[in-house]
1. Counting only other residues whose beta carbon sits under 9 Å from that of V264, what net charge do I get with K and R as +1, D and E as -1?
2. What ranking of V233, V412 comes out by heavy-atom accessible area, probe 1.4 Å, highest first?
3. Hand me the chymotrypsin sites (Phe, Trp or Tyr not before Pro) from the range 222-313 located in a DSSP loop with no more than 11 other Cβ atoms within 10 Å, in residue order please.
4. R0 = 56 Å: FRET efficiency of E427 with R707, Cβ-based, nearest 0.05?
5. Projecting each Cα onto the charge dipole of the range 669-752 (Lys/Arg +1, Asp/Glu -1 at the beta carbon, about the Cα centre), which of G747, A709, S693 comes out farthest on the positive side?
6. For the pair R298 and D477, what calculated FRET efficiency results from E = 1/(1 + (r/R0)^6), where r is the Cβ-Cβ distance and R0 = 35 Å, to the nearest 0.05?
7. For the range 450-545, which trypsin sites (Lys or Arg not before Pro) pass both filters: DSSP loop (anything but H, G, I, E, B) and at most 15 other C-beta atoms within 10 Å?
8. Using 0.36 nm per residue of separation minus the Cα-Cα distance, give me the extension gain between E222 and D402 in nm, one decimal.
Amino acid sequence: MIRLVLLIAALLAPALLAQELAPEIERALAFARQIENKVFRAMIAPHWLPDGHRLWYRVQTGPGVSEYVLADAESGTIMRAPTAAALGLPVKRLTTSADTTTGIRASSRTGEETSVRFSNAGAEAVELFWIDPQAQRKSYGKLEPAATREVHTFAGHVWLVATAGGAALGVIEAAPEPLELTIDGPGREAKRETPGEVSPDGRWSVRFEKQQVVLCDTTTDESTVLTTDGTVVQPYRGPVRWAPDAQSFTVLSVKDVPVRQVTVVEARPEGQTQPKVHTFDYAKPGDALPRPRPVLFRLTDRRPLPIDDALFPNPFTPGSTLDLRWSPRSDEFYFDYNQRGHQLWRILAVNAQAGGVRTVVEEKADTFIDYTHKTWRHWLDDTHELLWMSERDGWAHLWLYDTAAGAVKNQVTHGAWVVREVVWVDEEKRQVWFLASGLRAGEDPYHRHLCRVNFDGSGFLRLTEGDGDHDILFSPDARFFTDRWSRADQPPVAELRRSDDGRLVCELERADARALLATGWTMPERFVAKGRDGATDIHGVLIRPSHFDPAKKYPVLEEVYAGPHGAFAPKRFDPLARLHALAELGIIVVKADGLGTNHRGKAFQDVAWKNLQDAGFPDRIAWIKAAAATRPWMDLTRVGIFGGSAGGQNAMRALLDHADFYQAAFADCGCHDNRMDKLWWNEQWLGWPVDDSYVRASNVVDAPKLRGALMLCVGELDHNVDPASTMQVAAALEKANKPFELLVITGAGHGAAETPYGNRRRLEFFARHLLAPPAK
């Protein structure tokens, strides 16, 4: 009888605890809603007037209230009014065309709800695309001539307008205020973006028939088949790249390989009872890759010119293409060679007359070359030069190359700091403008500042001042720039500055966060402590609940994402609603970046090489312990961790290798075995061919080591990380007889825990496992 009572009590305990904690769950969910749209004067989208020295913008000043601002960059005077008409603004709509398209970037944040109204004033239909956080186009349909459409969106989301053929006409980032966008049809840039089948002089065109290359004379319609060896397995294909003198062109010969496919099942699709099968291409580490090779044709002999591939024998080409460009002199063309394994990178030049191949730039690494972030270049064709980014001295810096000699002329930037992004190259003045971090002692090394330097390395100048992370927008003539900067604990400040010396013209806005603070929202606390080596500074933030009482003890919950491609602790001001909702349970939420992540130099990031299971845990645990040493309200007997994707892998790893510190983990859509995940991300850090480093990082292999409370979460339609990765680790846990919870969210894709249901279940999980004192 006693055993039966104990059994019933054990079964009922989680349900009773969940019922007791229901008020805390509801309060946390409500708090996330309460802090929405509570920061004003935070976002501006400057529009410059034709005179070149005046700009205007609309800024939200309160709930449903805004004002128009007109600023004079010459005098520094500012005028404010409730309407545009009161300031005499001649422009009420923002127009764009191909000439204003500066690039297409991913939607990187989600701000206030807003809208964009598109009006098609062109003669042809266009297509509207939202650019998602993975920089992928999501079509919102076609817009016919003379038609208008208003789309609901969020500040910070990026929208693209394209021709029916896909050429970009305009790109816009939604602002807090509603915008009106007039589409005036394809411009010069759009024409340059059309496929290159037709020669620059219009005399010739190239097409592909039955895997062969066909040259057509546009004046006579006569066609000549230039090849006979194209096959279904190794066809000739585009893109076609013509030399500027129209005497030569290149195509690709591609040895195709079968592409692995992943199949997922949608259990209850919309509009039907029976399940639906989805299959999609998904290459995994070690899979064979296509082999594209450039093929050169000259009109003088009309046959393929052999090109020796000794300098590019094993290319990493998951996209089956090469990024080719011709010299403006038509004497040679260039392409990149990223050797599989990412330890060798070359920019190669091919002679247009003889087909000889030479190296222009070569990078080598014992670990990895961060090719997705640090292979920026800018060609200076008139002077036979190239600006190039490299980590060869241990830091991401700029170098000037002589392209004819294939040799370095000089290092442009240098020091124990990193170039993060090049924003402008002034070829006439031979100057480069860029964002850099780690410049100022005593300031967070992740904060980006605008800098300028001459091509020869002289005249370095930092042009921004505020202690924070800076976003820059130049005026059309680049004489001025707006600088919006903030920190995790500093609401945004918008300034107008001169480009020649960075002098402040005037402060445009200083964000008002009083309404946010009035909700009880607490400012994140920045904290720095030494990592595993006792010398390297680790930076992160702590978030307290609105009802914080320093006399009480609070459990600690870490959000983790240790992907080597970036750094993830907040550096800009943000309400961080998700983290504050978790804190509202009565938890201290923390987030920091350990060794193995990006933006702190090559040695810092290299810790991740063939070592993803490390995930910076020794650094972050040391950081949390250092914080608790002076904050007695942090209870390190109750520590949890959560993360998604690579962070999901990291979260489970905490209970495999560090269960003496962490007691509970929520792992969302984790890539639990890197052999199961996408090829390009995993080979970047673990290398190729697949070796035992993949095994050492595998949560599946190490599943028997699990200690602590684990909830696995996965979306059944995840196309980013194969959902079988979660099911395989679940199978390994079952085989090892380890207790865990599994949450499959139907209809959800990657990031399933960020759905309303997934978010609630995560809150409930940590309420159950962290709020109750641990059993004796």
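The values are calculated or read from the model by the stated rules, or taken from the named source; none is laboratory data. This one's a predicted model, so the numbers in the text were calculated from it and none came from an experiment. Here Cβ is always computed from backbone atoms with ideal geometry, including for glycine, and neighbour counts include all displayed protein chains. Protein only, heavy atoms only, side chains kept; ligands, DNA and RNA dropped before computing areas. Shrake-Rupley method; radii C 1.70, N 1.55, O 1.52, S 1.80 Å.
1. Taking every other residue near V264 into account, the sum is -4.
2. Greatest to least solvent exposure: V233, V412.
3. Within the range 222-313, no chymotrypsin sites (Phe, Trp or Tyr not before Pro) qualify (loop, at most 11 other Cβ atoms within 10 Å).
4. 0.40
5. Checking the options against the dipole of the range 669-752, the answer is A709.
6. 0.25
7. Listed in order of number, the matching sites are R479, R503.
8. Here the answer is 60.6 nm.
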